[in-house]
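Written below as C-alpha cells is the structure these notes are about.
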Amino acid sequence: MRSFLSLHVQAPLERVAAWVRERTGGAGVYLVPDPPWTSLYHEALEAEEDEEAIRAFLRELSRLGRALAFMVLGEEDLLFLLAEGGEVQAELRAGPELGEALKAPPGLAPLLERAKALPPEHGVRALALALGLHPDHALLGFLDLLEAEEEGDLPEEVIYLE
C-alpha cells in the first residue's frame, strides 16, 4: 500500500534551496520548481510519518510563503495542512489511523469537506487543483523521486540536497 508526503511553498526555488540547506538533518530532500510553487520531498519526514514533525516543518517553511503539506498513509488516511506566516490556517485529517479533524477559514471549509468525502489520493488531487498546484507534484513522495532518479527519469531542474 502506497504512502507519501509532499510539501509545497509559494517561493522561488533558490530561496527555498537556501532555506532547506540548513534543515536537511542529513537526510535527502528533493526540490522541484513549479512556479509560483516549489515542491519539497523530504526523506526523513516521509519515513517518520510524524504528524507533529511535519506540522513544525511546515510552520517554519510558511515563513517563506504560503505552504501546503499532503500526506497519504496506506492509501487510507489523508493529512492536509495549509500554513501561512508560521501558523497552520487549515487542516484536514481523515482515515482510521489519523482520525478525523477539519479546521479551515470559512472560504476554504467547503473545499476541505469535499476532499474529505473522496478517497485520499483523489482528495489530494482536488485540493491541489483548487489551490493552483500541479496535482502530479502533490501526489509524489520522496521514494517516487528516488525511483525516477534511479531509472534516469528525473527532470534536469530538480535539485537534490543532503
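Of the helices (runs of 4 or more DSSP H) lying entirely inside the range 1-91, those carrying at least 3 residues that are out of contact with any Cys (no Cβ under 6 Å at 6 or more places or on another chain) and open to solvent by less than 10 Å² (accessible area, probe 1.4 Å) are 13-21, 51-61. Inspect the range 24-45 for any residue being without any contact (Cβ under 8 Å) to a residue 12 or more places away in the chain and either in contact with a Pro (Cβ under 6 Å, 6 or more places away or on another chain) or over 15 Å from residue 70 (Cβ atoms) (or both) and give the result as yes or no. For the range 24-45, residues without any contact (Cβ under 8 Å) to a residue 12 or more places away in the chain and either in contact with a Pro (Cβ under 6 Å, 6 or more places away or on another chain) or over 15 Å from residue 70 (Cβ atoms) (or both): absent.
Within the range 127-162, the only residue that satisfies the criterion of being out of contact with any strand residue (DSSP E or B) (no Cβ under 9 Å at 6 or more places or on another chain) and under 20 Å from residue 48 (Cβ atoms) is 147. Pairing each residue of the range 104-126 that is without any contact (Cβ under 8 Å) to a residue 40 or more places away in the chain and within 22 Å of residue 73 (Cα to Cα) with any residue that is open to solvent by 40 Å² or more (accessible area, probe 1.4 Å) and of a type in the set (A, V, I, L, M), provided the two are 6+ apart or on different chains, yields C-beta distances under 6 Å for 111/130; 112/102.
In the range 106-118, how many residues are in a loop (DSSP other than H, G, I, E, B), more than 19 Å from the chain's Cα centre (by Cα) and farther than 13 Å from residue 131 by Cβ? First the steps, then the outcome.
Our first condition is that a residue be in a loop (DSSP other than H, G, I, E, B); within the range 106-118, this holds for 106-108, 117-118.
With more than 19 Å from the chain's Cα centre (by Cα) added as a condition, the list becomes 106-107, 117.
With farther than 13 Å from residue 131 by Cβ added as a condition, the list becomes 106, 117.
Going through the range 106-118 one residue at a time, the tally reaches 2.
Taking the range 21-44 as the range and being modelled with pLDDT of 95 or more and touching a strand residue (DSSP E or B) at 6+ places or on another chain (Cβ under 6 Å) as the test, the residues that pass are 29, 30, 31, 32, 37, 38, 39, 40, 41, 42.
All of 56, 101, 138 fail the test of being farther than 17 Å from residue 5 by Cβ and small (Gly, Ala, Ser), apart from 101.
The values are calculated or read from the model by the stated rules, or taken from the named source; none is laboratory data. No experiment lies behind these values; they were computed from the predicted model shown. Methodologically, a virtual Cβ is constructed for each residue, glycine included, from the backbone with ideal geometry; neighbour enumeration extends over all protein chains shown. Note: accessible area is taken over every heavy atom of the protein model, side chains too, but ligands, DNA and RNA are not part of it. Shrake-Rupley method; radii C 1.70, N 1.55, O 1.52, S 1.80 Å.
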